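The values are calculated or read from the model by the stated rules, or taken from the named source; none is laboratory data. The structure displayed is predicted, hence computed values, not measured ones. Backbone-built Cβ (ideal geometry, glycine too); neighbour counts: all protein chains shown. Areas reflect the complete protein model, heavy atoms only, side chains present, ligands, DNA and RNA absent. Shrake-Rupley method; radii C 1.70, N 1.55, O 1.52, S 1.80 Å.
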Amino acid sequence: MQADGAGSDREDFLHLRARDCSVVLDVRGPSLPAVLHWGADLGDLCAADLADLAQATTPAVAWSTLDRPPSRSLIRQQSEGYFGRPGLSGHRDGTDWSPLFVLTEVKHAGAGRVIIEAADPAAGLGMRSDLELHESGMLRVRHAVQNQGAGPYLVEALLAALPIPAQASELLDFTGHWSRERHPQRHPLPLGAWVRENRRGRTGHDATTGLFAGGPGFGFRHGEVWAIHVGWSGNHVTYAERWPSADGMLGGGELLLPGEVRLEPGEEYATPWMYFAYSSCGLDGIGSVFHRYLRSRSSHPGPDRPRPVVLNTWEAVYFDLDRQRLLELADTAASLGVERFVLDDGWFRHRRDDSAGLGDWYPDETLWPDGLAKLIDHAHSLGMQFGLWVEPEMVSHDSDLYRAHPDWILAAGGRLPLGRRNQQVLDLANPAAYEYVRSRLDSLLSAHRIDVLKWDHNRDLIDAGHEGRPGVRLQTQAAYRLIDHLRHTHPGLEIESSSSGGARVDLGMVERADRVWPSDSNDALERQTIQLWTGLFLPPELVGTHVGPPRAHTSGRVQDLSFRTSTALFGHAGIEWDITEASDDEKAGLAAWIRFYQEHRRLMHSGEVVHADHPDPAATVHGVVSPDRREALYAYVQLETSRYAVPVSASLPGLDPAQRYRVEPVHPVNPPMVIQLRPPPWYEAGAITLSGRSLEVVGITVPVLAPEQALLLRVKATPR
Ligand code: DGJ
């Protein structure tokens, strides 16, 4: 990585470099820095090269346009001739609405990090921009606007956006709903804008999570790709735009509701971090940037904190919590090798179903006459960690908390917001409400040995007002503050972020969580898609993946144990099934799968995640390659019946092209079901040895798998 300031007396250009990415800024002023390039690495550039680059990237002035080329500023402004979405929208009672910032300072803040300051004295505004190009290739950007004028200033939007070149003409983003999160959609980027707005007050099942722009047909292993992710768990916007001027931008930020940010003189509004990534080699390159960035954090659960196999009680017992039954569930789990027992919803006062109890964070005395400690101690005595479900940001209509403090909810206009799951949102920006929840959680954590909180959030925010103004931003900040406080006060405490399944998967939350729950669907077929696309942002160790019961509760599909376990293997694995009722064969299968996971989790939780651009949509091929590229584990997954009579060869990407590898099928539970007269000869022989190049370019044949089956392939480097 390199952050070059080039120039004589003062810096004229900044060239940030990491991995295969370069960012070049023209900081000659007097206007805001111009972004000359964000994309492929440009190599070493001297001051003269950078000046030439500025020339080379300055466009002609066409007829019937402004007299000078439009600005390419880091924050786009109409005052500089930009007609797309402005970086800053706001006003001071109808004035100061079209600022023109001038650069005041460029500060270096460590390797790859710069802080840029600017001001518009006439409008009474200051601006600060933080840019960090991490060694991982991740570029984090955030802006902060300060009110330096005389009356209040209303901020309507402050966005971070970077230019994308004309060849980035195709978009990929995501949508979904409960139990079907992060499903991809692709289309060309026309002239105009593609805008994804979220007003759910939480990240959302349908949140795009990220927006990708690339050349037509970009795939997992090919094509240049530019990406943005907004690291925020409240309302947000992500967009791509291209104008007849040829300007293209990828941007995003917090979506502010009317009047939500009103700056008094001297106050500032800072955006969340926006995460930008560039890849010269397809979506896997973007995934690597995200994974490397997240893995570089000191708080990241790396191989030194192996991800324990989880038993979560939700689909096992739902609200049917019976102490004896739970003790037996814990016994069975431990006997199979489970390492963490998570008591889900239903353990606290009045919570016999989802109609009551949220907010009453006391162990229910009728369920636990001798206290919760008995179950917790039992789990620990069996060698398992203990996790507890909470939903701290919510309150049930039917709860002691609501009865005592009906005014502690987020609401607008004096009316009760539309219900969802019989609950309302507790206004955590209200200090008394915050203090109540904080002290309940602190007490629970101090009184019991709780290793992890599963932090749930089961409704969208509607009419989320705080003291008459929109309160989503304050609420999101308060939730972050509460988690940060608990982690600080109870060192070692882990957090799992859940939100009606996967409605809170974003880097704002991931910066303070050790695991996300990506979906309430444990249907292995649905999970193949959900995990694939969630995995573009998050490495496997952060994504909860559970083996559900034979018939999936959310879809009714019946799937073999081998398919369910092969799917749940590629993540932070667990079980969500009443295994006291599983057959002996099923238990033996689960125990063998757990051993396999334990043997391979170091590889899977530190290796590079790869996907083949498999030409048959009826199947996928994905895997994890160890950092030294000496071993890997792949899955060939038959999603549905192919239009081909025999499967298309599976390319195994990401290995060392010059190295030879032994590829062998492995069946931790059972071999997948096949429908064929004879398997490929190498498969019958039990293994094959080929070079990394052959495995990627030519691939290997695979048996004719029935739909909803997966074949695991273990790959090890072998001497010639
Ligand atoms: C939604 C979560 O996604 C589930 O896993 C479970 O914890 C339920 N909430 C409990 O209410």
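Given the criteria away from the ligand (no atom under 16 Å from the Cβ), among the aliphatic types (A, V, I, L, M) and surrounded by fewer than 19 Cβ atoms within 10 Å (Cβ to Cβ), does residue 336 qualify? Walk me through it before giving the result.
Working: away from the ligand (no atom under 16 Å from the Cβ): yes; among the aliphatic types (A, V, I, L, M): yes; surrounded by fewer than 19 Cβ atoms within 10 Å (Cβ to Cβ): no.
So residue 336 does not fit the description; no.
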Enumeration of residues in the range 671-713 that are surrounded by fewer than 19 Cβ atoms within 10 Å (Cβ to Cβ), of a type in the set (S, T, N, Q) and closer than 28 Å to residue 550 by Cα: 676
Residues of the range 239-273 satisfying the condition of being under 21 Å from residue 128 (Cα atoms) and assigned to a strand (DSSP E or B): 249, 250, 251, 252, 253, 254, 261, 262, 263, 268, 269, 270
Checking residue 456 against (1) away from the ligand (no atom under 14 Å from the Cβ); (2) within 21 Å of residue 372 (Cβ to Cβ); (3) buried (at least 17 other Cβ atoms within 10 Å of the Cβ), the condition it does not meet: (1)
Subset of the range 651-670 (residues that are open to solvent by less than 10 Å² (accessible area, probe 1.4 Å) and free of Cβ contacts under 8 Å to residues at least 60 places away in the same chain): 661, 663
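Across the range 186-197, which residue is farthest from residue 229 (Cα to Cα) among those that are open to solvent by less than 60 Å² (accessible area, probe 1.4 Å) and not basic (Lys, Arg)? Steps first, please.
Taking the range 186-197 first, the residues open to solvent by less than 60 Å² (accessible area, probe 1.4 Å) are 187, 189, 192-193, 195-196.
Filter once more, keeping what is not basic (Lys, Arg): 187, 189, 192-193, 195.
Values: 187: 18, 189: 18, 192: 20, 193: 17, 195: 13 Å.
For the range 186-197, the residue satisfying everything is 192.
Could you check how many residues of the range 104-127 are in a strand (DSSP E or B) and either at positive phi or buried (at least 20 other Cβ atoms within 10 Å of the Cβ) (or both)? Before you say what the answer is, go through the steps one by one.
First, pick out the residues of the range 104-127 that are in a strand (DSSP E or B): 104-108, 113-120, 125-127.
After this cut, where a residue has to be either at positive phi or buried (at least 20 other Cβ atoms within 10 Å of the Cβ) (or both) as well, the list is 114, 116, 118, 120, 125, 127.
Residues that pass the stated criteria total 6.
Table: residues versus (1) within 16 Å of the ligand (Cβ to nearest atom); (2) out of contact with any helix residue (DSSP H, G or I) (no Cβ under 9 Å at 6 or more places or on another chain); (3) in contact (Cβ under 8 Å) with a residue 40 or more places away in the chain.
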site: 345; (1), (2), (3): yes, no, yes
site: 348; (1), (2), (3): yes, yes, no
site: 352; (1), (2), (3): yes, yes, no
site: 384; (1), (2), (3): no, no, yes
Whichever residue in the range 358-384 is under 19 Å from residue 443 (Cα atoms) and under 30 Å from the mean Cα position of the chain (by Cα) and, among such residues, is surrounded by the fewest Cβ atoms within 10 Å (Cβ to Cβ): 361
Of the criteria (1) farther than 21 Å from residue 539 by Cα; (2) touching a Phe, Trp or Tyr at 6+ places or on another chain (Cβ under 8 Å); (3) open to solvent by less than 70 Å² (accessible area, probe 1.4 Å), which one residue 716 fails: (3)
Residue in the range 211-229 that is open to solvent by 10 Å² or more (accessible area, probe 1.4 Å), in contact with a Phe, Trp or Tyr (Cβ under 6 Å, 6 or more places away or on another chain) and not aromatic (Phe, Trp, Tyr) present: no
Within the range 498-512, tally of residues that are within 15 Å of residue 300 (Cα to Cα) and within 9 Å of the ligand (Cβ to nearest atom): 0
Residue that is of a type in the set (A, V, I, L, M), free of Cβ contacts under 8 Å to residues at least 24 places away in the same chain, over 24 Å from residue 364 (Cα atoms) and away from the ligand (no atom under 16 Å from the Cβ), where the choices are 416, 410: 416
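Among helices (runs of 4 or more DSSP H) lying entirely in the range 477-592, which contain 2 or more residues that are open to solvent by 30 Å² or more (accessible area, probe 1.4 Å)?
On the way: elements: 507-510, 524-534, 561-568.
Result: 524-534.
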Scope the range 149-182; condition exposed (fewer than 15 other Cβ atoms within 10 Å of the Cβ) and in contact with a strand residue (DSSP E or B) (Cβ under 6 Å, 6 or more places away or on another chain); matching residues: 151, 152
Residues satisfying the stated conditions in the range 463-497, i.e. within 16 Å of the ligand (Cβ to nearest atom) and without any contact (Cβ under 8 Å) to a residue 60 or more places away in the chain: 495, 497
Contacts under 8 angstrom Cβ, first residue in the range 689-702 being in contact (Cβ under 8 Å) with a residue 60 or more places away in the chain, partner aromatic (Phe, Trp, Tyr), 6 or more apart: 692/661; 702/636; 702/683
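Looking at the range 309-325, which of its residues are touching a strand residue (DSSP E or B) at 6+ places or on another chain (Cβ under 7 Å) and more than 14 Å from the ligand (Cβ to nearest atom)?
Initially, the range 309-325 is screened for residues touching a strand residue (DSSP E or B) at 6+ places or on another chain (Cβ under 7 Å), giving 309-313.
Across the range 309-325, the qualifying residue is only 309.
Given 65, 104, 57, which one is more than 30 Å from the chain's Cα centre (by Cα) and closer than 30 Å to residue 282 by Cα?
None of the other options fit; the residue is 57.
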Hits in the range 67-99 - residues which are in contact with a helix residue (DSSP H, G or I) (Cβ under 7 Å, 6 or more places away or on another chain) and surrounded by fewer than 17 Cβ atoms within 10 Å (Cβ to Cβ): 98
Single residue of 365, 328 found to be modelled with pLDDT of 95 or more, out of contact with any strand residue (DSSP E or B) (no Cβ under 7 Å at 6 or more places or on another chain) and in a loop (DSSP other than H, G, I, E, B): 365
Enumeration of residues in the range 30-44 that are touching an Asp or Glu at 6+ places or on another chain (Cβ under 9 Å) and either open to solvent by 40 Å² or more (accessible area, probe 1.4 Å) or within 16 Å of residue 115 (Cα to Cα) (or both): 31, 32, 33, 34, 35, 41, 42, 44
In the range 516-559, residue farthest from residue 181 (Cα to Cα) [restricted to those that are within 16 Å of the ligand (Cβ to nearest atom) and among the β-branched types (Val, Ile, Thr)]: 547
